[in-house]
Amino acid sequence: MNSLSIQMQQPLALATAQIHRSRSLHELQKAFLSVAPKFVHADAYGLYLFDDNLEIRTVISHHAQHRFLTEYEKIRREDPLFKFLLQKKKFIHSLEIFNHKDWLRQPLHDFLSRWGLDYSIEAPLVHDGRISGTLNFAIGGSQYFGEESLAVARFLCSEFNASYRRILEFEKLKVTTKNPGLARASIQRMPLRTRQVLELLVTGLHNYAIAESLSISENTVRYHIKHIYKTLGVHNRVQLTKQVLTER
């Protein structure tokens, strides 16, 4: 995020907060439809979730026709960007693995061009070491994705993946605390600013984003986090979030 322009960093911090406030896959999908078009200049956006056989379980899209999505599924396994994702599990875009001439010869480009699109970005949603979804962006015309747009897309896809993993982990770890009400009482006794840090912390925000949201320094954020951990008897964010969520 430090490589992005100063003007972009604060809006992105707020967008990151929105992403990490998602408590379910449905809320995360809504966040994608809200955030992605605001920050990544593209003509079509999609979020796919797969089953264990990489067959489509859920798809949501923005500015992508249903027929386009259906036809794409017929060629997905031959999509060179998707093949790259399966191997490397990392963000990729058209001209990162092809030069311009080679890309124009790709069957995927031929397919996209029939729908007024020319280039694409794909990013994985990874959980338990396997790809269980993708984030997709496509753009038409002679103009490629801008440098900052690619940087923003890479950053947001990383944040979506982090939130996605957290949601799936919480769904697996729905356990109750051994001392019902204890954490709630301890939180209520915390100073106001500490409680504010806590509320942002459990949404998954990074320290810099919490600092931006509350107009305090990262050192101050770290001080409050240390106090929160000590008060609630936890040692990391996963333990903290489990305890706080089960108290609500």
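The values are calculated or read from the model by the stated rules, or taken from the named source; none is laboratory data. The model shown is predicted, which means the values in this text are computed figures rather than measured ones. All Cβ positions, glycine included, derive from the backbone under ideal geometry; neighbour counts span all protein chains shown.
For this structure, a couple of remarks:
- Being in a loop (DSSP other than H, G, I, E, B) and at negative phi holds for only one residue in Asp52, Asp102, and it is Asp52.
- Among residues of the range 48-59, those that are in contact with a Gly (Cβ under 7 Å, 6 or more places away or on another chain) and among the aliphatic types (A, V, I, L, M), counted: 2
- Near pairs, Cβ below 6 angstrom, 6+ apart or cross-chain, from the range 55-73 (closer than 20 Å to Glu27 by Cβ) to any residue that is of a type outside the set (Phe, Trp, Tyr) and assigned to a loop (DSSP other than H, G, I, E, B): Arg57/Asp51
- Selection status of Thr203, within 21 Å of Gly233 (Cα to Cα), in contact with a helix residue (DSSP H, G or I) (Cβ under 6 Å, 6 or more places away or on another chain), surrounded by fewer than 16 Cβ atoms within 10 Å (Cβ to Cβ) and modelled with pLDDT under 90: no
- Qualifying residue in the range 38-45 (condition: under 21 Å from Tyr144 (Cα atoms), assigned by TED's automatic domain parsing to the domain that holds Thr134, of a type outside the set (A, V, I, L, M, F, W, C) and in a loop (DSSP other than H, G, I, E, B)): yes
- Among the residues making up the range 10-37, those that are polar (S, T, N, Q) and touching a residue at least 24 places away in the same chain (Cβ under 8 Å) are Gln10, Thr16, Ser22, Ser24, Gln29.
- Checking the range 127-137 against the condition returns no match, with no residue being out of contact with any helix residue (DSSP H, G or I) (no Cβ under 9 Å at 6 or more places or on another chain), over 24 Å from Leu54 (Cβ atoms) and surrounded by fewer than 15 Cβ atoms within 10 Å (Cβ to Cβ).
- Filter result for the condition that a residue is modelled with pLDDT under 95 and within 25 Å of Asn53 (Cβ to Cβ), over Ile121, Ile75: Ile75
- From Thr70, Thr16, residue being in the same structural domain as Gln143 (by TED's automatic domain parsing), assigned to a helix (DSSP H, G or I) and surrounded by 15 or more Cβ atoms within 10 Å (Cβ to Cβ): Thr16
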